[in-house]
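This report concerns only the one structure given below.
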Amino acid sequence: MTVNQRVAPRAFAEHVAQLVQVIPEDPEITRAAGLFTRALIAGGVIQAFGSGHSEAVAMEIAGRAGGLVPTNRLALRDIVLYGDTPRAELDRYDLERDPAVARTILDLAPVQEHDLFVIISNSGVNGVVVELATLVKERGHDLIAITSRAHSEAVVSRHPSGRRLADLADVVLDNHAPYGDAVLPLPLPDGASTAPASIGAVSTITSALLAQLVVAQTVSNLLEAGEVPPVYLSANVPEGDAHNLRLEALYAGRIRRGA
């Protein structure tokens, strides 16, 4: 295989295809779905948080067509949208590394007793992520982490406790992303002594797959328990809006569908 072939689109697709075959075999998916099911039957909401690219996975969980209605997305910008933090704070390059931000996000969130949290972070070591996980567990909520064990275990935590997201979660879903996330290494330039860069990040793809697998198993669990799964229709099909608004009304004040 030539150098160009090793970084071609087909090489990336083949790598992802291998992960798609491996990830569904993880027994932690069943455990996570069990926690989802328990929370929903008890009247809870799934609270999902991710910063940076991990927010895309939180969006996969909360407010997605074919997904569960009792879901809520938390984000760094909540401190401005729902709190009194100045807008300029969102421009801080190190915002997701500041543990204090986590408490503000959680205190502003419409959280109730039976809610379950899903925190997504490929590295699992930034201050907001670890602090939020710490507070969630201190307040008695179940916690599911979606993270890369390979990356997380290879870096030092940025939280004062030295802990990682995976250390705090009740269930850890490994997205199988490698250290650095990207899977196709570029050739080392002539004379270079450092490791080459890589392309083709996989964590968003595999984390979204994990999220959808957990939702699918949760819906299966609910049906088996005789429950009607509260599932979104696409807003772009006839009657989609009416269906979704009717179900969302059951969770008024508990789920946000804003920015």
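Points worth noting:
- Annotation note: of Ala211, Ala216, the sole residue that is assigned to a helix (DSSP H, G or I) and in contact with a Leu (Cβ under 9 Å, 6 or more places away or on another chain) is Ala211.
- The lone exception for Thr194 - which of (1) at pLDDT below 95; (2) surrounded by 19 or more Cβ atoms within 10 Å (Cβ to Cβ) it fails: (2)
- Among residues of region 237-254, those that are in contact (Cβ under 8 Å) with a residue 24 or more places away in the chain and open to solvent by 50 Å² or more (accessible area, probe 1.4 Å), counted: 2
- Scan of region 227-236 for residues that are among the β-branched types (Val, Ile, Thr) and in contact (Cβ under 8 Å) with a residue 24 or more places away in the chain, ordered by number: Val231
- Some residue of region 63-79 being aliphatic (A, V, I, L, M) and in a helix (DSSP H, G or I): yes
- Conditions (1) out of contact with any Lys or Arg (no Cβ under 9 Å at 6 or more places or on another chain); (2) touching a residue at least 40 places away in the same chain (Cβ under 8 Å); (3) open to solvent by 50 Å² or more (accessible area, probe 1.4 Å): number failed by Arg257: (1)
- In region 155-172 there is at least one residue matching the filter, namely being within 21 Å of Phe36 (Cβ to Cβ), touching a residue at least 40 places away in the same chain (Cβ under 8 Å) and of a type in the set (D, E, K, R).
- Residues in region 80-103 that are over 19 Å from the mean Cα position of the chain (by Cα) and of a type in the set (Val, Ile, Thr): Val80, Thr85.
- Tally of residues being within 16 Å of Ile105 (Cβ to Cβ) and small (Gly, Ala, Ser) across region 18-75: 8
- Against the test of being open to solvent by 50 Å² or more (accessible area, probe 1.4 Å) and small (Gly, Ala, Ser), the options Ser123, Ser161 yield a single qualifying residue, Ser161.
- Residues located in region 56-76, provided they are within 10 Å of the chain's Cα centre (by Cα) and open to solvent by 30 Å² or more (accessible area, probe 1.4 Å): Ala56, Met59, Glu60, Arg73
- Pairs linking a residue in region 203-226 that is among the β-branched types (Val, Ile, Thr) to a residue that is open to solvent by 50 Å² or more (accessible area, probe 1.4 Å), with Cβ atoms under 7 Å and 6 or more positions apart or on different chains, are Thr204/His53; Thr206/His176.
- In region 34-55, the residues that are crowded, with 20+ Cβ neighbours inside 10 Å, modelled with pLDDT of 95 or more and of a type outside the set (Val, Ile, Thr): Leu35, Phe36, Ala39, Leu40, Gly44, Gln47, Ala48, Phe49, Gly50, Ser54
The values are calculated or read from the model by the stated rules, or taken from the named source; none is laboratory data. All values reported here derive from a predicted model rather than from experimental measurement. Note: ideal-geometry Cβ built from the backbone for every residue, glycine included; neighbour counts use all protein chains shown. Just so you know, the surface numbers come from the protein's heavy atoms only, side chains and all, with ligands and any DNA or RNA stripped out. Shrake-Rupley method; radii C 1.70, N 1.55, O 1.52, S 1.80 Å.
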